[in-house]
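Undergrad: A single structure is presented below for examination.
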Amino acid sequence: MRYLACDLGAESGRIVAGNLEKGRLNLELVHRFPNQPVWLPEGLRWDILGIFREIVSGLVRYRQTHPGGLAGISCDSWGVDFGLLDNRGQLVGNPNHYRSRRFEGALERVLEIIPAREIYRRTGIQFLPFNTIYQLYTLASESDPALKISRKLLMTADLMNFFLSGETAQEFTLATTSQLYDPNRKGWASGIFKKLGLPLKLMPAVTPPATVIGKLHARLAAETGLAGTPVIAGA
């Protein structure tokens, strides 16, 4: 059985095919591409549609060189960044880049509301100024219109898996990078959301890694020739 991994890094992405043969994992690089953010007056943004275009190109390239189907496709990515979907499941703008200067000072403002000890006790995550908690707090405190019309938040890899399958699922290991997940209660840290005025309703149910969340979207299946391929929430 052969699987395809869409491995997304902050500077580049790659599509890698893998299979087990006699107990040995064989990896084959199918496609590699640069991941270049875009500067806008309001801050640095990810070219998220450009990333997805490259993923689809990788799927097409794989099918051109490999007969037969796939046992599964999955995306992984850097943490903390996210995309927003409206009530129709459509993307609300290009996601913010974690290096955007828009979030400067947000960590300090959050710690004025909730002590660092309490946040760490709930989430167990190191304090980085670009963690999801500070990005989301910035949007909420600025009354960002995008946040007001959004109905779902998906971390980067989960957003890509949504584009592939049409199904929304938040994978566990990626969720923990947000500094908004409580591993002791096995759910979102609702107390932190409440104290910071963050919209808990945006957060999808958290899915264990290796969960099959759906199948390749019909439109993509027709374009790539990979109909029926499972889309998996990868660690």
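None of the figures in this text is laboratory data; all of them are computed from the coordinates on show. Here the structure is a predicted model, which means the values were calculated and not measured. Counting neighbours? That spans all protein chains shown, and the Cβs are built from the backbone with ideal geometry, glycine included.
Undergrad: Enumerate the lysines that residue 201 could reach by cross-link, defined here as Cα to Cα under 30 Å, with residues fewer than 8 away along the same chain left out.
TA: Qualifying lysines at Cα under 30 Å: 148, 152, 186, 215.
Undergrad: Now for a different question. Once you list every other residue whose beta carbon is under 14 Å from the beta carbon of residue 161, what net charge do they have if Lys and Arg are +1 and Asp and Glu are -1?
TA: Counting the neighbours of residue 161, the net charge comes to -3.
Undergrad: Also: Testing the spin-label approximation: label points 7 Å from Cα along Cα→Cβ at residue 235 and residue 194. State their distance in nm.
TA: 3.3
Undergrad: Another one. Mind checking segment 66-141 for GluC sites (Glu not before Pro) that DSSP puts in a loop (not H, G, I, E or B) and that have at most 14 other Cβ atoms within 10 Å?
TA: Here the sparse-neighbourhood loop sites are 104, 112.
Undergrad: How about residue 195: which aspartates and glutamates have a C-alpha closer than 13 Å to its C-alpha, ignoring those fewer than 8 places off in the same chain?
TA: Output for residue 195: 112, 118.
Undergrad: When Lys and Arg each count +1 and Asp and Glu each count -1, what net charge do the other residues less than 13 Å away from residue 145, Cβ to Cβ, add up to?
TA: -3
Undergrad: To continue, here is another question. Which FRET efficiency, nearest 0.05, do residue 44 and residue 227 yield, Cβ-Cβ r, R0 35 Å?
TA: 0.40
Undergrad: May I ask for the distance between the Cα centers of segment 67-86 and segment 113-179, given as a whole number of Å?
TA: Going from one Cα centre to the other spans 17 Å.
Undergrad: OK, next. Restricting to DSSP H runs of at least four residues, report the calculated mean residue ellipticity at 222 nm for the chain, -39500 (n - 2.57) per run over all residues, nearest 500 deg cm²/dmol.
TA: -8500 deg cm²/dmol
Undergrad: Right, another one. For segment 1-103, state which trypsin sites (Lys or Arg not before Pro) are in a DSSP loop and have at most 11 other beta carbons lying within 10 Å of their beta carbon.
TA: Loop-located and lightly packed - 22, 88.
Undergrad: Same structure, new question: Of 40, 220, 147, which has the largest mean-square fluctuation in a 10 Å C-alpha GNM of the chain?
TA: Of 40, 220, 147, the most mobile in the Gaussian network model is 40.
Undergrad: Filter the trypsin sites (Lys or Arg not before Pro) in segment 156-234 to those in DSSP coil with at most 14 other Cβ atoms within 10 Å of their Cβ, and list the result.
TA: In loop regions of segment 156-234 (DSSP not H, G, I, E or B), the sparsely surrounded trypsin sites (Lys or Arg not before Pro) are 185, 186.
Undergrad: What are the residues whose amide H is under 5 Å from the amide H of residue 235, where those residues sit 5 or more places off or on another chain and H is modelled from the backbone?
TA: Amide H neighbours of residue 235, under 5 Å, 5+ apart: 210.
Undergrad: Work out, step by step, the length gained on full extension between residue 32 and residue 185: first 0.36 nm times the residue separation, then minus their alpha carbon distance; give nm to one decimal.
TA: Net length gain for the segment: 51.2 nm.
Undergrad: Then there is this: Kyte-Doolittle cut-off -1.0, length cut-off 15 Å along the helix's own axis using Cα: show which whole DSSP H helices in the chain pass.
TA: Span-like helices in the chain: 48-65.
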